[in-house]
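Each remark here refers to the structure printed beneath this line.
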Amino acid sequence: MSMRRLAGAGLGAAIVVITLFTMVEGEASPVFDERLLSIAVQALWTAMMVWLILAGSMLGLIMRGRAPLLQIFGLLFLSLSTLGILAIIGEIPTEETLATLTIQWAGLATGAFIVFGYTLSTLTASLEEEEDPLLILGRKQN
Amino acid sequence: MLGCAFDDLDGHQRSLHWLLGHIYMDVHAAAFWTLLFVGLPGTLMLWTHRSNSIQRIGFQPLTLLVLIGLGITATSSIGQYPAIVAEIGLFTSFIIGILAMGTYLMVFGGVTPVGPVPRGWRASGSLLLLSTVVILGLLTTGPEWLFLSAPQGWPSFAASGVVGLVSTSIFGIVIVWIYGDGRWITLIGLILTSSLGLAGSLLWIESGVISTTEISNALTTAIGSLLGIILSAMIAIALMVQIESGATVPKISEPLSDKEIERMKEIIEVNLGGEEE
């Protein structure tokens, strides 16, 4: 699977998705500058939360020497630095923002999971019946 | 008490408490968010440790404690947001649970004769998969006869769900189209899923169940989150590689003795020279 081909396909799909939803949005679609700024702020919020979650998920490794501890502190430092940048630009997330983001992430994950479930099911359902080679071997011996 | 007052830019008189209320939260809410974003990932990752390790032993009780803590803090918080998130989390876990069970039955209940699920269970799997979409649709539409009402914030969840569903389907269509080796059933399934998602979102917008603003916000969040995840993953991996490369190698065995080194040299010389040992 060539990475260049995959990247091209991904970019094409992204353009299709954005065009479709911009059509659905209609008049509610924000102007380009506003949307770009919102996307940048969302990316910073997400990065901050991802580093916090990663630091949290490494807590079980604390007893394994200095490296995990350094990584946890490093990730916490990155997370807090992002919070600092957000405070400087006046986009510090409030509790409402945090709740909205969590709900939206849950929704996005559920939508994606539904597609994965259905795709896996159709993939296995479209396979023809296959026999276990060991069973065939046993039959020949008989 | 934070009682001092000031005038804001619009001329409204505001107290300092009002200002700080936008930034700070009560102790229960702070505990809820910490448990959700630090405690839960921390305890769930304990499951990945070796089965006889202390971390793995602590996995179940600690996860249970974190879940109980989430419930207690969500219900006792003064603000409404932890309760809303917890309620939506409960609904989502229920729906994802049904979906995961349906997928499991569909994948393992058919083709292979030595699978972990008996062959006849595939029909039940497809029924569970279908019921997931029906439950989501009913909760979002909210017909009068439905005994269950959707929690607060559900329209935002539904709008994001539609955006996630359609985006993933379209990416899936492209991948299956290019690398699918003629898996047409899967391709048709993905086209149907994306079309149904789009049609559903248009119908819900028409009937006023979800708004175009919510779809717009969900799309912005989806793009921003994807970029944020890529950025944070790249920086986190770079940080981890940097720290791990400088870490000292743990002593797992004693170094070779002089006698062992001599013996090793003998063996190497014999093998390099082509002589018999």
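The values are calculated or read from the model by the stated rules, or taken from the named source; none is laboratory data. Predicted model only: the values in this text are computed from it and were never measured. Every residue, glycine as well, gets a Cβ built from its backbone with ideal geometry; the counts of neighbours run over all protein chains shown.
Overview of results
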{"read-out": "The stretch A:23-66, residues that are of a type in the set (Val, Ile, Thr) and closer than 18 Å to B:Ala233 by Cβ", "value": "A:Ile39, A:Thr46, A:Val50, A:Ile53"}
{"read-out": "Residue selected from the stretch A:2-53 under the condition at pLDDT 85 or above and aromatic (Phe, Trp, Tyr), by the criterion nearest to A:Ile92 (Cα to Cα)", "value": "A:Trp45"}
{"read-out": "Residues located in the stretch A:14-44, provided they are among the small types (Gly, Ala, Ser) and surrounded by 14 or more Cβ atoms within 10 Å (Cβ to Cβ)", "value": "A:Ala14, A:Ala28, A:Ser29, A:Ser38, A:Ala40, A:Ala43"}
{"read-out": "Residue among B:Leu165, B:Leu190, B:Leu227 that is buried (at least 22 other Cβ atoms within 10 Å of the Cβ) and under 19 Å from the mean Cα position of the chain (by Cα)", "value": "B:Leu165"}
{"read-out": "Any hit, the stretch A:36-56, residues being in contact with a helix residue (DSSP H, G or I) (Cβ under 7 Å, 6 or more places away or on another chain), assigned to a loop (DSSP other than H, G, I, E, B) and not hydrophobic (A, V, I, L, M, F, W, C)", "value": "no"}
{"read-out": "Residues of the stretch B:206-228 that turn out to be facing chain A (nearest Cβ under 7 Å) and either free of Cβ contacts under 8 Å to residues at least 24 places away in the same chain or among the aliphatic types (A, V, I, L, M) (or both), as a count", "value": "13"}
{"read-out": "Check on B:Leu227, within 29 Å of B:Leu198 (Cα to Cα) and modelled with pLDDT of 85 or more", "value": "yes"}
{"read-out": "Among residues of the stretch A:48-69, those that are of a type in the set (A, V, I, L, M) and under 15 Å from B:His49 (Cβ atoms), counted", "value": "5"}
{"read-out": "Matching residues, the stretch A:1-40, being β-branched (Val, Ile, Thr) and more than 7 Å from every other protein chain (Cβ to nearest Cβ)", "value": "A:Ile15, A:Ile18, A:Thr19, A:Thr22, A:Val31"}
{"read-out": "The stretch A:78-102, residues that are loosely packed, with under 14 Cβ neighbours inside 10 Å and among the small types (Gly, Ala, Ser)", "value": "A:Ser81, A:Gly84, A:Ala87, A:Gly90"}
{"read-out": "Only listed residue being part of a helix (DSSP H, G or I), more than 7 Å from chain B (Cβ to nearest Cβ) and within 24 Å of B:Phe91 (Cβ to Cβ), chosen from A:Thr110, A:Thr82, A:Thr97, A:Thr102", "value": "A:Thr97"}
{"read-out": "Qualifying residue in the stretch A:65-77 (condition: more than 7 Å from every other protein chain (Cβ to nearest Cβ), touching a residue at least 24 places away in the same chain (Cβ under 8 Å), buried (at least 21 other Cβ atoms within 10 Å of the Cβ) and not basic (Lys, Arg))", "value": "no"}
{"read-out": "Single unsatisfied condition, A:Gly60 versus (1) over 30 Å from B:Thr212 (Cα atoms); (2) more than 19 Å from the chain's Cα centre (by Cα); (3) surrounded by fewer than 22 Cβ atoms within 10 Å (Cβ to Cβ); (4) within 7 Å of chain B (Cβ to nearest Cβ)", "value": "(3)"}
{"read-out": "Extreme residue, farthest from B:Ile96 (Cα to Cα), among residues of the stretch B:176-187 that are more than 7 Å from every other protein chain (Cβ to nearest Cβ) and of a type outside the set (D, E, K, R)", "value": "B:Gly182"}
{"read-out": "Counted residues, the stretch B:161-195 - those being touching a residue at least 40 places away in the same chain (Cβ under 8 Å) and among the hydrophobic types (A, V, I, L, M, F, W, C)", "value": "2"}
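Residue-by-condition table, conditions (1) within 12 Å of chain A (Cβ to nearest Cβ); (2) surrounded by fewer than 18 Cβ atoms within 10 Å (Cβ to Cβ); (3) on the phi > 0 side of the Ramachandran plot:
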{"residue": "B:Asn52", "(1), (2), (3)": "no, yes, no"}
{"residue": "B:Ile72", "(1), (2), (3)": "no, yes, no"}
{"residue": "B:Ser77", "(1), (2), (3)": "yes, no, no"}
{"residue": "B:Gly109", "(1), (2), (3)": "yes, no, no"}
{"residue": "B:Ile135", "(1), (2), (3)": "yes, yes, no"}
{"residue": "B:Glu144", "(1), (2), (3)": "no, yes, no"}
{"residue": "B:Ser149", "(1), (2), (3)": "no, yes, no"}
